[in-house]
């Protein structure tokens, strides 16, 4: 039995997934030795948040077959909600610095962001995707993609119209001394952002793997007719999936408010990065998306460090081109079908 | 009467395939629909299962009108459909596929009993519990599809083309497992292209031609009918 595990792990290191994960870890260690461990800290914080956005994207693609280009706008909705919820809380905290709100307040803001994301996801399903699906599913991938681009433009301009184009940011969520781990100082906000994303990704993975509802989401993504046959209500699963995916993106927006102040196009950067992740790791694979998120985050951090901040989209894009040419199914995408195959 | 289909019209979009199809099934019966390619056999099945909504006519199951209901609702009423393409969840294990088959059963105890029943019916599936459905052979997948259909404890099992794409030996296995199911008291409506074999095992049959019921009667009588012998059996 142990030999079996050994031979399996040896063959795993030779697979595309194994090679790329090992290279990523090696690159992270080497970069950290040259430039200091803060690079790894940056990678982990951005990677964790990226994992949230990318799993939402993966979910939309796998279950609904929608190439979602409005996902960044739910990030924006999340950060906007967190800003308007947290501003009064932060005023309260500055008057009563020792109250329990100093600890719980930020969490309330982030939870509100998640709820706002879920609700706006449900609204977009009811007003936009649902009507299209009932009208016609011919050429669905293209039509729904165009619809999401339109939705993105609409939401960005609605933000500008109602809330203005200025930056709406906060100084920080949790005040106090930075956390120190092995000579590296991490601000509490960053540490908490990572903890939140790690907890949510773990909960989400558990939900998808072991619960009945999570399994039925997977069932719908694998065979929609089969799901209908066993008695799964497709409309209900679709609604649940959209609200979950949008809530994941909004949580990322809410908990990164201290790094990315809310403004109309704040969602574009996480959207593009999340698409890099999804293409890199393969469509419809949740654990792959999590690993891919850290790879893209590392790539971005290393690019900013050694090449220059202006290049942080160029290098990942070049890598995506290489992946699409040499392994179009993505690094972890061997057993997953593409969006157009259905 | 368990299922009563009356003057059913159905098809895809503007294309009408079934014209006034009527059939009925009593509890415990083993009934087949046979007919040439394109006669509308699969369309009949899909319409009863709710995957296509009918253009006209009525489908009464257990005294309730079910035509026009969503497929998931019809499954909850007690009709289970084993489709020609099987529609398995290919990236899930055998166990997970069967578990999803019992989606409409909320009682964990009952679900485990159904699981034991299906595993006792198909010991082969128990051996391959953790294998991904997509990596199994055609015959095993067929068994899994039938097993998944049985998980919801259906009153009526619709089986569409179980021999499709299978080697003769495996076809025989699938027919044997259907026989076992009938003996346990399940009502089965079977659609098949393998006319000789089908008429030999079923109680009653309907001949579907060009979207209409041409003949109906006892399977043994149908097998002796000169028209059937000429068209399907080539004698």
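The values are calculated or read from the model by the stated rules, or taken from the named source; none is laboratory data. Values in this document were obtained by computation on a predicted structure and should not be read as measured data. For neighbour counting, all protein chains shown are included, and Cβ atoms are generated from backbone atoms with ideal geometry for every residue, glycine included.
Restricting A:296, A:277, A:304 to residues that are in contact with a helix residue (DSSP H, G or I) (Cβ under 7 Å, 6 or more places away or on another chain), surrounded by 15 or more Cβ atoms within 10 Å (Cβ to Cβ), over 15 Å from residue A:59 (Cα atoms) and modelled with pLDDT of 85 or more narrows the list to A:296. Is there a residue being at pLDDT below 85, in a helix (DSSP H, G or I), farther than 22 Å from residue A:209 by Cβ and out of contact with any strand residue (DSSP E or B) (no Cβ under 7 Å at 6 or more places or on another chain) anywhere in the stretch A:326-336? So far as the stretch A:326-336 goes, yes, one or more of its residues are at pLDDT below 85, in a helix (DSSP H, G or I), farther than 22 Å from residue A:209 by Cβ and out of contact with any strand residue (DSSP E or B) (no Cβ under 7 Å at 6 or more places or on another chain).
Within the stretch A:32-42, being assigned to a helix (DSSP H, G or I) and either surrounded by fewer than 13 Cβ atoms within 10 Å (Cβ to Cβ) or at positive phi (or both) holds for A:33, A:34. Which residues, taken from the stretch A:216-254, are more than 10 Å from chain B (Cβ to nearest Cβ) and free of Cβ contacts under 8 Å to residues at least 40 places away in the same chain? Within the stretch A:216-254, just A:240 meets the criteria.
Scanning the stretch B:79-104 for residues that are buried (at least 18 other Cβ atoms within 10 Å of the Cβ) and more than 9 Å from chain A (Cβ to nearest Cβ) yields a count of 3.
Per-residue answers, yes or no, for (1) free of Cβ contacts under 8 Å to residues at least 24 places away in the same chain; (2) more than 16 Å from residue A:303 (Cα to Cα); (3) part of a helix (DSSP H, G or I):
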{"residue": "A:8", "(1), (2), (3)": "yes, yes, yes"}
{"residue": "A:21", "(1), (2), (3)": "no, yes, yes"}
{"residue": "A:24", "(1), (2), (3)": "no, no, yes"}
{"residue": "A:27", "(1), (2), (3)": "no, no, yes"}
{"residue": "A:30", "(1), (2), (3)": "yes, no, yes"}
{"residue": "A:44", "(1), (2), (3)": "no, no, yes"}
{"residue": "A:50", "(1), (2), (3)": "no, yes, yes"}
{"residue": "A:56", "(1), (2), (3)": "no, yes, yes"}
{"residue": "A:69", "(1), (2), (3)": "no, yes, no"}
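Can you tell me which residue is nearest to residue B:78 (Cα to Cα) among those in the stretch B:39-48 that are within 14 Å of chain A (Cβ to nearest Cβ) and surrounded by 24 or more Cβ atoms within 10 Å (Cβ to Cβ)?
Residues of the stretch B:39-48 that are within 14 Å of chain A (Cβ to nearest Cβ), as a first pass: B:42, B:45-48.
Next, only the ones that are surrounded by 24 or more Cβ atoms within 10 Å (Cβ to Cβ) stay: B:47-48.
Values: B:47: 15, B:48: 12 Å.
My answer is B:48.
Hey, could you check the stretch B:83-116 for residues that are in a loop (DSSP other than H, G, I, E, B) and without any contact (Cβ under 8 Å) to a residue 40 or more places away in the chain and say which is farthest from residue A:134 (Cα to Cα)? Once the filter is applied, the top-ranked residue is B:107. Would you confirm whether any residue within the stretch B:61-69 is under 24 Å from residue B:181 (Cβ atoms) and within 14 Å of chain A (Cβ to nearest Cβ)? Within the stretch B:61-69 (the criterion being under 24 Å from residue B:181 (Cβ atoms) and within 14 Å of chain A (Cβ to nearest Cβ)), the answer is yes, since at least one residue qualifies. Looking only at the stretch B:117-129, residues that are part of a helix (DSSP H, G or I) and either more than 20 Å from the chain's Cα centre (by Cα) or surrounded by fewer than 17 Cβ atoms within 10 Å (Cβ to Cβ) (or both) come to 6 in all.
With the condition kept exactly as written, say whether any residue in the stretch A:85-102 is within 20 Å of residue A:264 (Cβ to Cβ) and surrounded by fewer than 18 Cβ atoms within 10 Å (Cβ to Cβ).
To start, the set of residues in the stretch A:85-102 that are within 20 Å of residue A:264 (Cβ to Cβ) comprises A:85-87.
Still in the list and also surrounded by fewer than 18 Cβ atoms within 10 Å (Cβ to Cβ): A:87.
So far as the stretch A:85-102 goes, yes, one or more of its residues are within 20 Å of residue A:264 (Cβ to Cβ) and surrounded by fewer than 18 Cβ atoms within 10 Å (Cβ to Cβ).
Among strands (runs of 3 or more DSSP E) entirely within the stretch B:133-235, having at least 2 residues that are over 13 Å from the mean Cα position of the chain (by Cα) singles out B:204-209, B:212-218.
Would you say residue A:198 is in contact with a helix residue (DSSP H, G or I) (Cβ under 7 Å, 6 or more places away or on another chain) and part of a helix (DSSP H, G or I)? Talk me through it step by step, then tell me what you get.
Details: in contact with a helix residue (DSSP H, G or I) (Cβ under 7 Å, 6 or more places away or on another chain): yes; part of a helix (DSSP H, G or I): yes.
Considered against the rule, which asks whether it is in contact with a helix residue (DSSP H, G or I) (Cβ under 7 Å, 6 or more places away or on another chain) and part of a helix (DSSP H, G or I), residue A:198 comes out as yes.
Summed over the stretch B:5-28, the residues that are within 18 Å of residue B:215 (Cα to Cα) and crowded, with 17+ Cβ neighbours inside 10 Å give a count of 8.
Just checking, which of A:165, A:191, A:227 is over 29 Å from residue A:286 (Cβ atoms) and touching a helix residue (DSSP H, G or I) at 6+ places or on another chain (Cβ under 9 Å)?
Numbers: A:191 fails: over 29 Å from residue A:286 (Cβ atoms); A:227 fails: over 29 Å from residue A:286 (Cβ atoms).
Within the list A:165, A:191, A:227, the selection yields A:165.
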